[in-house]
1. When you check Leu280 against the structure, is it within 16 Å of ligand 1 (Cβ to nearest atom), open to solvent by less than 10 Å² (accessible area, probe 1.4 Å), in contact (Cβ under 8 Å) with a residue 12 or more places away in the chain and outside the structural domain of Tyr137 (by TED's automatic domain parsing), yes or no?
2. In region 63-97, which residues are open to solvent by 30 Å² or more (accessible area, probe 1.4 Å), within 16 Å of ligand 2 (Cβ to nearest atom) and either outside any helix (DSSP H, G or I) or farther than 18 Å from Gly131 by Cβ (or both)?
3. Filter region 135-155 down to residues that are assigned to a helix (DSSP H, G or I) and out of contact with any strand residue (DSSP E or B) (no Cβ under 8 Å at 6 or more places or on another chain) and give me whichever is farthest from Leu312 (Cα to Cα).
4. Assuming Asp125 fulfils every condition listed in (1) assigned to a loop (DSSP other than H, G, I, E, B); (2) within 16 Å of ligand 1 (Cβ to nearest atom); (3) of a type outside the set (Ser, Thr, Tyr) apart from one, which condition is it?
5. If you scan region 238-256, which residues turn out to be more than 8 Å from ligand 1 (Cβ to nearest atom) and either farther than 24 Å from Glu93 by Cα or in contact with a helix residue (DSSP H, G or I) (Cβ under 7 Å, 6 or more places away or on another chain) (or both)?
6. Looking only at region 130-143, how many residues end up being out of contact with any Asp or Glu (no Cβ under 6 Å at 6 or more places or on another chain) and either within 24 Å of Ser30 (Cβ to Cβ) or buried (at least 21 other Cβ atoms within 10 Å of the Cβ) (or both)?
7. Residue under question is Asp187, and the condition is that it be farther than 19 Å from Ala40 by Cα, of a type in the set (Asp, Glu) and surrounded by 14 or more Cβ atoms within 10 Å (Cβ to Cβ); does it hold?
8. I need the full set of residues from region 144-175 which are in contact with a Pro (Cβ under 6 Å, 6 or more places away or on another chain) and open to solvent by less than 10 Å² (accessible area, probe 1.4 Å), in order please.
Amino acid sequence: MSKLTTLHEFIMDRQNDFPYATGELSRILSDIAIASKMVANDVRRAGLLEHILGAQGNTNIQGEEQQKLDVVADETFIKIFRAGGEICGIASEENDTFVAFNNEISKQGKYVVLFDPLDGSSNIDVNVSIGTIFSIYRRKSPQGTLATKEDMMQKGIEQVAAGYVLYGSSTMLVYTTGKGVNGFTLDPHIGEFCLSHPNMKIPETGRIYSINEGNINVCDPGIKQYVETYCQRVLEGAKRPYSGRYIGSLVADFHRNLIKGGIYIYPATQIAPNGHLRLLYECNPLAFIVEQAGGLATTGYQRVLDIEPKELHQRIPFFVGSKKMVEQAMNFLNQEVANNG
Ligand code: AHM
Ligand code: MG
């Protein structure tokens, strides 16, 4: 049997890819692994623990009901980041504004982390996969000072690392530092993430489309036409239409399509005119990963990683997945715009 590579060993080996690396980014990635193991532990037992199952009784700044586990996960990550000393501040889906860590060690930190501690949280109570998504940037403000909003509001192309943790039938951590994408599965017996999916590549095309079809009549008619034309018809050379697969947990839908090939779409709708998903801690990290795996992420019209953020909790329409499928959707929408003036 060949020896398993643990996440920790892998991070240490890869540190040499970056000349002058001081190990801070490596320590942040290790801290994320620790926090996610703690969250995985809570997720696994959520049905048994009354204090972490169900609604918190609050709504976040985005008007969404917070689940207790959203808050527990948020606090777990923040506690670990604050204690680490490499990070000067964070922004998360569960906090109205960003948080600058006001202690002398953290103020020296070179990095900020933007994250969604528990995405797809409406699936917690029904035992369906959920995830954590994270994005790491170098700060813009000088070391030794408090983190600023400018540190948080950077374009996706500035990301130093990004990843997600999927709390599914197994717990997986997938991340990139801009040199490919690697996936690690948590071995619960030894409590370690071990390399299980080296150098992940998304198939150039696939046969899965993922969209909340309940929204089909409240979004741009071009989306409905695209879905009917390309996803729900038997295309030349095929035996059947694409398969519709939509879990309603972004990380789980993204991960499946990353492995099997497919397209995930959350378009602008009449109810969510800018789309539903958040640029900074949902779309940008997944866009970085998918590009590193050979796929694409756009708003339907523009590359996600090039967007200049305007607000911390900014939402965008999101098309992500296999290169050819995303291109096809974009070409279709652009043609629609050209035809309709
Ligand atoms: P959340 O951050 O409040 O959990 O919302 C994000 C989730 C994604 O995981 C998922 O893809 C999407 O919202 C589902 O939305 P909808 O129920 O509108 O289809
Ligand atoms: Mg979310």
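1. The answer is yes for Leu280.
2. Within region 63-97, Gly63, Glu64, Glu65, Asn95, Asp96 qualify.
3. Among those that are assigned to a helix (DSSP H, G or I) and out of contact with any strand residue (DSSP E or B) (no Cβ under 8 Å at 6 or more places or on another chain), it is Glu150.
4. Of the numbered conditions (1) assigned to a loop (DSSP other than H, G, I, E, B); (2) within 16 Å of ligand 1 (Cβ to nearest atom); (3) of a type outside the set (Ser, Thr, Tyr), the odd one out for Asp125 is (1).
5. Ala238, Lys239, Arg240, Pro241, Tyr242, Ser243, Gly244, Arg245, Phe254
6. Within region 130-143, residues that are out of contact with any Asp or Glu (no Cβ under 6 Å at 6 or more places or on another chain) and either within 24 Å of Ser30 (Cβ to Cβ) or buried (at least 21 other Cβ atoms within 10 Å of the Cβ) (or both) number 7.
7. When the stated conditions are applied, Asp187 does not pass them.
8. Ala162
The values are calculated or read from the model by the stated rules, or taken from the named source; none is laboratory data. Because the structure is a prediction, the values reported are computed rather than measured. Because the Cβ atoms are built from the backbone with ideal geometry, glycine has one as well, and the counts that use them run over all protein chains shown. SASA here: full protein model, heavy atoms, side chains in, ligands and nucleic acids out. Shrake-Rupley method; radii C 1.70, N 1.55, O 1.52, S 1.80 Å.
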